[in-house]
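Take a look at the structure set out below.
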Amino acid sequence: MIKNLLTSLSCLLLAACAGLGYRFDQGHYQVAQQNEPQRIGQFTIEPITPALLLKLNAMPDPAAAPRANPALAQALKDYRYRVGPQDVLRIIVWNHPELTFPQFSISNTDAGLGSAYSPAYGPTEENGFVVSSDGSIFFPYVGDLPVAGLTTGEIRAKLSQALVSYIKDPQINVTVVGFHSQQYQLAGVVMKPGLYPVTNVPITVSQAIDAAGGAIRSLPSTTDPSTALSMSLADLGHVILINGQNRQVLNLRDFYQYGNQQQDRLVQAGDIIEVPDNSFDQVHLIGEVLKPGNYAISGGQLNLAQVLGEAGGLNLNTANPARIFVFRGAYEQPRVFWLNARSPDTMLLATRFELKPQDVVFVATSGLGAWNRVVSQILPTVQTLYETKVIGNF
């Protein structure tokens, strides 16, 4: 299959050169810039022109941000914490110290206004009722009371109903002072990865990342360059949220840059949040440049001129500046962009052509006979990157 694909793409690129204005005469060629996309079989070769740049760079106006997320806003509004095993409850029955945990005492300052209770040591876990493994607590006059899966309001209602035979119009306060039953996990390139409790305060994915000290987005100041260079930076454009069998990839880069909340989500018990490193957020440069390799898209931005500059420029002895291609997308049907950089004014277009993660940029050689070699190098690369992308669900 790969052999057939190589042969097919070899013919494609040869035909593309002819369609783009290449004429081969005894190993030599002439180039005529065309501004219109050329359809070659099932592929389209798109010249990089001012019109193309206007189309590709058409982005939402950052001034219109922040963009709201009504579904998230409703989820936050509807959020209610539900008690589980190992949680600790603080329960006060007003005017009935015999039913209140012993660490609470009558407040003398409020004696003139009636009996009230205040915690002698504050609302700590030692002052409460621990929910047992079977999801219940033992309460005086009530006995074992199932509370797992209930909100504090529902527990209060059940206690009131159970105590009404002993107390007229019981006034009860129920709060959670120890959150131990439910957790979410934060992993990846953040300052403080680990397990975090789900509490009665709803939290979003972006807030969870910030609560863990934030994502690592820049190298720290250090006197040891090797230590800094060995650290990974975060890719906020592909934050992974796993809830059971449901797996989502969230682009939180726009949230931090523009306040766009469209990709943010409510964190639920058992969620796994992973902030990956920026190894996916890179461009692959091959062909006739001085330093081919992988180049990171720093801060979410990298243009074609920058990556060629970081690679030390074209190899003047072997490169053909009229044949610079960018492969983007699925290897069966990639989107192919072409830059003829023989003149300085066309190189200015490269400064406006923004690259995307996993783009493959290659600079062809000056000889016709090298086409098969270039194609044999690039096609397996595009295929591998695409398959990795699918497996990773990016």
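Here PRO344 meets each of (1) within 20 Å of PRO37 (Cα to Cα); (2) more than 29 Å from the chain's Cα centre (by Cα) with one exception, condition (1).
With the range 151-214 as the region, which strands (runs of 3 or more DSSP E) entirely inside it contain at least 1 residues that are within 30 Å of ALA234 (Cβ to Cβ), at pLDDT below 95 and of a type in the set (Gly, Ala, Ser)?
183-188
Picking from GLN282, GLN268, GLN306, which residue would you name as being under 27 Å from PRO37 (Cα atoms) and either surrounded by fewer than 16 Cβ atoms within 10 Å (Cβ to Cβ) or at pLDDT 90 or above (or both)? That would be GLN306, the only listed residue that is under 27 Å from PRO37 (Cα atoms) and either surrounded by fewer than 16 Cβ atoms within 10 Å (Cβ to Cβ) or at pLDDT 90 or above (or both).
Of everything in the range 127-150, what is at positive phi and either touching a Pro at 6+ places or on another chain (Cβ under 6 Å) or in a loop (DSSP other than H, G, I, E, B) (or both)? Give them in sequence order. Hits for the range 127-150 are GLY135, TYR141, GLY149.
Residue check: is ASN317 out of contact with any Cys (no Cβ under 9 Å at 6 or more places or on another chain) and exposed (fewer than 15 other Cβ atoms within 10 Å of the Cβ)? It is true that ASN317 is out of contact with any Cys (no Cβ under 9 Å at 6 or more places or on another chain) and exposed (fewer than 15 other Cβ atoms within 10 Å of the Cβ).
Screening the range 225-314 for helices (runs of 4 or more DSSP H) wholly inside it with 1 or more residues that are over 25 Å from ALA71 (Cβ atoms) and aliphatic (A, V, I, L, M) returns the ranges 225-230, 304-310.
Scanning the range 146-174 for residues that are farther than 22 Å from TYR81 by Cβ and of a type in the set (Ser, Thr, Tyr) yields SER165, TYR166. The number of residues in the range 315-343 being in a loop (DSSP other than H, G, I, E, B), of a type in the set (A, V, I, L, M, F, W, C) and over 23 Å from ASN57 (Cβ atoms) comes to 1.
Suppose the filter is surrounded by fewer than 17 Cβ atoms within 10 Å (Cβ to Cβ), among the polar types (S, T, N, Q) and modelled with pLDDT of 90 or more; does THR384 pass it? Against the criterion (surrounded by fewer than 17 Cβ atoms within 10 Å (Cβ to Cβ), among the polar types (S, T, N, Q) and modelled with pLDDT of 90 or more), THR384 does not qualify.
Per the listing ARG90, ARG80, the residue uniquely modelled with pLDDT of 50 or more and surrounded by fewer than 13 Cβ atoms within 10 Å (Cβ to Cβ) is ARG80.
Checked against (1) over 32 Å from the mean Cα position of the chain (by Cα); (2) free of Cβ contacts under 8 Å to residues at least 12 places away in the same chain, GLY309 passes all but condition (1). With respect to TYR258, is the statement that it is in contact with a helix residue (DSSP H, G or I) (Cβ under 9 Å, 6 or more places away or on another chain), buried (at least 16 other Cβ atoms within 10 Å of the Cβ), of a type in the set (Ser, Thr, Tyr) and at pLDDT 90 or above true? No: the conditions fail for TYR258. Pairs meeting the criteria (first residue in the range 128-142 and closer than 22 Å to PRO170 by Cα, second residue among the basic types (Lys, Arg) and crowded, with 20+ Cβ neighbours inside 10 Å, beta carbons under 6 Å, at least 6 apart or on different chains) are GLY128/ARG90.
The values are calculated or read from the model by the stated rules, or taken from the named source; none is laboratory data. The structure presented is a predicted model; accordingly, all values stated were derived computationally and were not measured. With ideal geometry, Cβ positions are generated from the backbone for all residues, glycine too; neighbour counts draw on all protein chains shown.
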